[in-house]
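Read through the structure below, which is laid out as structure tokens, and then see the notes.
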Amino acid sequence: MSLLQDALAIILVLGGTFFMLVGSIGINRLPDFFTRAHASGKVDTLGILMFLSGLAVFEGFTLTSAKLLLIIAFVAFTSPVAAHALARRALIYGMKPWYGKRKDEG
Amino acid sequence: MCKVVHATQPFLFFNQVSPFSTMNNTSLWLRHRGLILQILLLSAIWLILSGRTDAVYLFWGVVSVAFVIWLSAKLHSIPLSEKEPCGTTRIIIPRLIVYLFWLVWQIIKSGTYVAYLILHPKMPIDPMIVRFTSKQPNVLARVILGNSITLTPGTLTLDIEDDLFTVHALTQEVEEELVSGDMEARVARLYMQDCTSEDMCCDIELITSGRGR
Amino acid sequence: MSTTNTELCSKESSMMAPTESPIVHLASRGISPVILLVGMYVFFHGHYSPGGGFQGGVLLAAAILLLRLSLGTSLSQPVMPSWITLRLSALGALIFAGIGLLSILLGGNFLDYHYLPMPWLEPAYLRYYGILLVEVGVTITVMTTLVAIYDDLLGC
Amino acid sequence: MQTFFISIALVLCIALLIPFYRVYKGPTVFDRLLGAAAVGAKILTLILLFGLIYDRLDMFIDISLGYAILNFVGVIAMAKYFRSSARSAK
């Protein structure tokens, strides 16, 4: 039981770290603001959720893991709102999205 | 999320003796469903946060929940938007729970999809802006739809004006899946009894080049 | 008071978007009671976990500032009116200083909880409730002063 | 388990330093804000990891909950009041 629990926790924590690393790379690699907002709003959110649930699995069935579930719910509810607020602001102030190289030439 | 629901049920007069005692209970439940749910949710959050069951800390918990309820009860006089007053926002709870599980699955799918796009050496993205009109019953349904669009693979809500959604999509397949109206029908089914996915999403406009705006 | 507030909020309307997004509006409505509850928890559990008056006050102020940010200053007046903030912060400072001065008047030092006029309590509990009262004053002051600073920066 | 968490913390520190390049380089204000928000989200997990390493997770969870709340309010405030120089950007 404990071995299974630890294995699940390690898999979730490793997966969360991987997604957060990919989110960081995406913020640097993607071409414009709106696509970067995709990287920060989705990949990072999934990474944080996996990481925190991994920690909750590692803690077991205690009050601490219940608090971790509270943080998970909070992050899952607020991160799309924050991404939307930033992206809407950028659109209103007239930032032009990037439509790909081919279309700019044609 | 949690709001006082103004019931549209016919009012039961208290001096009339109701033949069914359970009916009175249901009407109380229906009339104050939002408030009761809010109190239960806040009490559960307090118990999780505090973790102490001494009498003193339970008393402080009651004080805190009462304070928060009192302060947030003033919020309900603020209208939801300019055109709609505090309308009926009665959501169907079992469908909401099923929808939340579907949303968790969508979060996992969207994270892996965008991570695949980022790590692909050629980065096969083809970004575009989609504007469409979706007939949702009220403001809360529009907000749920907007948040769900942000969480589903490859799409990001940019703006909501009344019924007009402006969405940034990463690739062509994602845009087709969005416009098919599957998710809009799911959100609308949280409120209405039946609707089809064809007539949910109309007036689709694609902006795929810099001259569009 | 509300009419003068709507007239005076010139800086906010010039910097704001033409219409605020309904997503931010409704999300802040749903989230702010939870933030208020977390603030109350941090305030009441200052003995056992990191927290106390100042941190609880900051979290309570964050909830109210979230409403101010997303609904606009004039719409969020019912939650905490602008005119009440400075008076409440003065009241909080009065509670804090009053307890300290009361213990001086009763023969002790400043904030010496053992001299408080609550003879039905044991000394340990006297200390606990004395600290709690002082923390109430600190919390009220911090919360309302932060909201008052925000309102003042906008010129409301 | 301890070494595992410490190595995870090192990887997270690398993941935390990458968005700083975007904060430094970013052509518009919003790119810098996005980088800052990403850094904040990773610090949230790093706080919890340090709590686990020091074996005081119950204390660090309160800190991270407050951090998440203030992060959200900060992003909303920045999104409301920052102007962009998008006209000059590409």
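Bear in mind that the values in this text are calculations on the coordinates, not laboratory data. Everything numeric here is computed off the predicted structure, so don't read it as measured data. Here Cβ is always computed from backbone atoms with ideal geometry, including for glycine, and neighbour counts include all displayed protein chains.
Would you mind computing, in nm to one decimal, how far apart the modelled labels at B:Asp203 and B:Arg52 are, each placed 7 Å from Cα along Cα→Cβ?
5.6 nm
Indicate the gyration tensor shape class of the stretch B:93-207 (rounded, prolate or oblate), computed on the Cα atoms with a ≥ b ≥ c the square roots of the eigenvalues: a/c under 1.5 is rounded; otherwise a/b larger than b/c is prolate and the rest oblate.
Numbers: a/c = 2.23, a/b = 1.39, b/c = 1.60.
Cα axes put the stretch B:93-207 in the oblate bin.
For the pair D:Leu70 and A:Ile10, what calculated FRET efficiency results from E = 1/(1 + (r/R0)^6), where r is the Cβ-Cβ distance and R0 = 41 Å, to the nearest 0.05? Show your work: numbers first, answer last.
Values: r = 30 Å, r/R0 = 0.74.
Once rounded, the FRET efficiency stands at 0.85.
Hey, fewest Cβ within 10 Å first, where do A:Lys96, B:Lys122 land in order? Mind showing how you got there, number by number?
On the way: A:Lys96 16, B:Lys122 5.
Final ranking by Cβ density, sparse to dense: B:Lys122, A:Lys96.
Distance between Cα centroids, the stretch C:108-155 to the stretch D:41-64: provide it in whole Å.
Rounded to whole Å, the Cα centres lie 29 Å apart.
Fewest to most neighbouring Cβ within 10 Å: what's the order for B:Ile91, D:Ile69, B:Ile204? Before the final figure, lay out each step's value.
On the way: B:Ile91 17, D:Ile69 23, B:Ile204 13.
Ascending number of Cβ neighbours within 10 Å: B:Ile204, B:Ile91, D:Ile69.
Give me the net charge for the shell around B:Trp60: Cβ to Cβ below 14 angstrom, other residues only, Lys and Arg +1, Asp and Glu -1.
Values: positive: B:Arg52; negative: B:Asp54, C:Glu135.
Spelling it out: positives minus negatives among the neighbours equals -1.
Indicate the gyration tensor shape class of the stretch D:2-81 (rounded, prolate or oblate), computed on the Cα atoms with a ≥ b ≥ c the square roots of the eigenvalues: a/c under 1.5 is rounded; otherwise a/b larger than b/c is prolate and the rest oblate.
Working: a/c = 5.83, a/b = 1.51, b/c = 3.85.
Oblate is the answer for the stretch D:2-81, as a/c is 1.5 or above yet b/c matches or exceeds a/b.
Report, to two decimal places, the Cα Rg of the stretch B:28-75 normalised by 2.2 N^0.38 Å (N = number of residues). Mind dumping the intermediate values first?
Numbers: Rg = 11.7 Å, N = 48, 2.2 N^0.38 = 9.6 Å.
This ratio for the stretch B:28-75 stands at 1.22.
Taking the number of other C-beta atoms within 10 Å as the exposure measure, put B:Thr112, D:Thr3, A:Thr45 in order starting with the fewest. Numbers along the way, then the final one.
Details: B:Thr112 17, D:Thr3 7, A:Thr45 26.
Arranged by neighbour count, lowest to highest, B:Thr112, D:Thr3, A:Thr45 become D:Thr3, B:Thr112, A:Thr45.
Quick one: if you stick a label point 7 Å off each Cα along the C-beta vector at B:Leu164 and D:Asp55, how many nm between them?
6.2 nm
Using the structure shown, list the pairs from B:Lys109/D:Lys42; B:Lys122/D:Lys42; A:Lys96/B:Lys122; A:Lys42/D:Lys42; D:Lys25/D:Lys80; B:Lys109/D:Lys80 with a Cα-Cα distance above 25 Å, or answer none. Intermediate results must be reported in sequence, preceding the final value.
Details: B:Lys109/D:Lys42 21 Å; B:Lys122/D:Lys42 27 Å; A:Lys96/B:Lys122 23 Å; A:Lys42/D:Lys42 14 Å; D:Lys25/D:Lys80 22 Å; B:Lys109/D:Lys80 31 Å.
B:Lys122/D:Lys42; B:Lys109/D:Lys80, as the Cα separations exceed 25 Å there.
Determine, from the Cβ-Cβ distance of B:Leu119 and B:Arg95 and an R0 of 41 Å, the FRET efficiency 1/(1 + (r/R0)^6), rounded to the nearest 0.05. Intermediate values should be presented prior to the final figure.
Values: r = 36 Å, r/R0 = 0.88.
About 0.70, to the nearest 0.05.
In whole Å, what is the distance between the alpha-carbon centres of the stretch B:130-194 and the stretch C:68-91?
If you average the Cα positions of each part, the centres end up 35 Å apart.
R0 = 22 Å: FRET efficiency of B:Ile39 with A:Phe77, Cβ-based, nearest 0.05? If you can, show how the numbers build up before the last one.
Values: r = 19 Å, r/R0 = 0.89.
Plugging the Cβ-Cβ distance into 1/(1 + (r/R0)^6) gives 0.70.
Let a ≥ b ≥ c be the square roots of the eigenvalues of the Cα gyration tensor of chain A; is it rounded (a/c under 1.5), or, if not, prolate (a/b larger than b/c) or oblate? Write down the numbers at each step before the final one.
Working: a/c = 5.46, a/b = 2.16, b/c = 2.53.
Taking the square roots of the gyration eigenvalues as a ≥ b ≥ c, chain A is oblate.
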